[in-house]
Amino acid sequence: MILLQSHSRFLLQTLLTRAQNLDKAVELDYQWIEFDDVRYHVQVTMKNPNLLLLSVSLPNPPPEAMSFDGLPLGAIEAIKTTYGTGFQILDPPRDGFSLTLKLNFSKVRPDEELLTKLASIREVVMGAPLKIIFKHLASRTVAPELDRLVAIMHRPNETFFLVPQADKVTVAFPMRFKDSVDTILATSFFKEFVEARRAAALNTAPSCSWSPTAPQELEGAPKETLSANAGFVTFVIFPRHVEGKKLDRTVWNLSTFHAYVSYHVKFSEGFMHTRMRRRVESMIQALDQAKPLEKTRSMNNKSFKRLGLNEANHTNSK
């Protein structure tokens with residue numbers, strides 16, 4: 001299975017191209033949208049060619065999600081920790097965006113490692129509340145400012161839930177799909193996903209379960225957030241899953257879990273359509289080969305042609 005990359009490939013390529021051509025005064029004005037409705041805007045002007053503005057627009061958080069000025073809990077602190085003093089956070093951000101960063105290439109050495117971090121701005125911002133919870137889990141504590149049930153936005157108007165405890169964190173995803181075929185494929189995918197977790201090679205992976213109804217841990221959640229036509233997927237994260245370098249990987253995989261499932265559902269659907277088309281083509285080819293050919297018979301040096309019924313009647317009437 002394919003895991004989504006934490007950095008935006010187009011953003012990284014744009015940043016690398018600009019960093020490699022700082023001696024050229026060029027104007028850039030790129031806007032694009034990536035999965036889960038996250039929108040980017042990169043701008044460089046001819047007047048200030050060493051200044052680059054990166055703006056990010058996140059989906060509007062639903063009422064139950066933790067957010068401050070349109071950003072997830074801990075996002076500003078995570079940006080400062082990740083990027084240091086080389087980046088300036090504009091307040092307020094550009095119109096229509098949740099966050100705007102200003103990068104001055106004359107003050108920051110634009111190496112590939114730094115630009116890759118900048119291209120991972122989505123992971124830094126949207127994964128901030130997860131990191132707060134999981135860092136406490138690694139030290140076997142619970143953040144005092146958190147509620148018993150924490151809602152985190154991950155898609156437009158959709159959240160997933162965490163139940164933080166000192167020894168584990170339960171993560172529950174209400175899974176929704178607009179297309180009925182996607183719902184059926186996703187349900188089958190979840191059942192296989194849970195079954196695969198039982199393999200001996202995955203004993204150390206987080207435990208996983210699927211249920212068509214809301215798990216007990218979501219008791220007290222707003223009723224409108226528990227409508228899920230593809231059921232609920234639950235993971236249990238233990239301290240060993242967030243130690244050291246595992247933290248970033250766990251945060252990214254959880255924050256993009258729905259996108260990961262959607263990718264494989266659409267891929268499976270496309271694969272089945274391709275197989276169906278090939279099957280139909282092979283059947284048509286077989287039918288074409290089975291058509292009767294015009295046959296002739298030779299008897300006493302005379303040739304006879306097999307006639308159809310209409311041709312025979314026409315000949316007899318002469």
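The values are calculated or read from the model by the stated rules, or taken from the named source; none is laboratory data. For clarity, every value in this text was computed on a predicted model and none was experimentally measured. Please note that ligands, DNA and RNA were not included when accessible areas were found on the heavy atoms of the full protein model with its side chains. Shrake-Rupley method; radii C 1.70, N 1.55, O 1.52, S 1.80 Å.
Things to note:
- Segment 18-33 and segment 126-200 have Cα centres separated by 37 Å.
- Span per principal axis, largest first, for the Cα atoms of segment 19-168 (Å): 54, 31, 24
- Reach of Lys178 by Cα under 20 Å, taken over aspartates and glutamates that are not fewer than 8 positions away in the same chain: Glu34, Asp36, Asp37, Glu158, Glu224, Glu269
- Expected 222 nm ellipticity per residue - DSSP helices of 4 or more, -39500 (n - 2.57), all of the chain, to 500: -11500 deg cm²/dmol
- Think of a 1.4 Å ball rolled over the protein heavy atoms: the chain then has 60 Å² of accessible area per residue.
- From the coordinates shown, log10 I(q)/I(0) by the Debye sum over Cα atoms at q = 0.08, 0.09, 0.16 Å⁻¹ corresponds to which of (i) -0.49, -0.58, -1.34; (ii) -0.58, -0.68, -1.39; (iii) -0.32, -0.41, -1.47: (i)
- Springs join every pair of Cα atoms under 10 Å in this Gaussian network model of the chain, and among Asn50, Asn104, Asn203 the largest mean-square fluctuation is at Asn203.
- Rolling a 1.4 Å probe over the protein heavy atoms of the chain, with every protein chain left in place, gives an accessible area that is 53 percent carbon and sulfur.
- GNM top mover of Ser180, Ser282, Ser268 - the chain, alpha-carbon springs below 10 Å: Ser282
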